[in-house]
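See structure below.
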Amino acid sequence: MPISLYNLSVISYLQTLGAMHGFLGRGSAHFEATGSDPDSVLDERLYGDMEPFKFQVWNSVHSSLGALNGLKAGVFGPPPPSPAGMDYAGLQKVVSNALQELQQFKADEIDALQGKDVRYELPSRNIVLPFTAEGFVLSFSLPNFYFHATTAYDILRHKGVPLGKRDFLGKMLLKS
């Protein structure tokens, strides 16, 4: 498979969001089996100054699907706040919906964005970072995406959900 902007972005996002869909499901099953409320994990953090679990999942979707929409628009920024009352099942639905939307992107549509200018804007701090599409994906979107997906996984592990590395890796692109 040649490396293209589509393969770097959409294929990577699909693999890890697919894995997230799976480990969120395993989390739900664990909470049910232990008689725990899955919503109790929503505000959990690994450290006091880190964002909570619900943000980690929410931002994983924003750093993938939102990033592709930002590539198309030429501008990307921080995620909007998650909807009030978002519960664990709602986060699972957000991930599921993002997977469905990501599957709608076509390779030629995304590859046509290569070389396009895209800006990251953080108005609250008066920050504007200029990128090319591929620079944005490689040095900003993917690292953020993996950071938040990993942190969500780690919080579930920390809360006792029986997960292993294969749960995070998801469906790998094996040679046929």
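The values are calculated or read from the model by the stated rules, or taken from the named source; none is laboratory data. Predicted model, so just to flag it, every value in this text is computed and none were measured. Here the Cβ is made from the backbone with ideal geometry for all residues, glycine too, and neighbour counts use every protein chain on show.
Within region 64-87, is there a residue that is touching a residue at least 60 places away in the same chain (Cβ under 8 Å) and in contact with a Ser or Thr (Cβ under 6 Å, 6 or more places away or on another chain)?
yes
What is the residue count in region 88-98 for residues that are touching a residue at least 40 places away in the same chain (Cβ under 8 Å), among the aliphatic types (A, V, I, L, M) and surrounded by 15 or more Cβ atoms within 10 Å (Cβ to Cβ)?
Qualifying residue count for the region: 3.
Please verify whether region 38-56 includes one or more residues that are assigned to a helix (DSSP H, G or I), surrounded by fewer than 16 Cβ atoms within 10 Å (Cβ to Cβ) and either of a type outside the set (A, V, I, L, M) or at pLDDT below 95 (or both).
Within region 38-56, one or more residues are assigned to a helix (DSSP H, G or I), surrounded by fewer than 16 Cβ atoms within 10 Å (Cβ to Cβ) and either of a type outside the set (A, V, I, L, M) or at pLDDT below 95 (or both).
I need the full set of residues from region 1-18 which are crowded, with 20+ Cβ neighbours inside 10 Å and within 28 Å of Ala84 (Cα to Cα), in order please.
Selection gives Tyr13, Thr16, Leu17.
What is the number of the single condition among (1) over 19 Å from the mean Cα position of the chain (by Cα); (2) modelled with pLDDT of 95 or more that Ala84 does not meet?
(2)
Sort out which residues of region 162-176 are surrounded by 14 or more Cβ atoms within 10 Å (Cβ to Cβ) and either under 17 Å from Leu8 (Cα atoms) or in contact with a Ser or Thr (Cβ under 9 Å, 6 or more places away or on another chain) (or both), and write them in order of number.
Those that are surrounded by 14 or more Cβ atoms within 10 Å (Cβ to Cβ) and either under 17 Å from Leu8 (Cα atoms) or in contact with a Ser or Thr (Cβ under 9 Å, 6 or more places away or on another chain) (or both): Phe168, Gly170.
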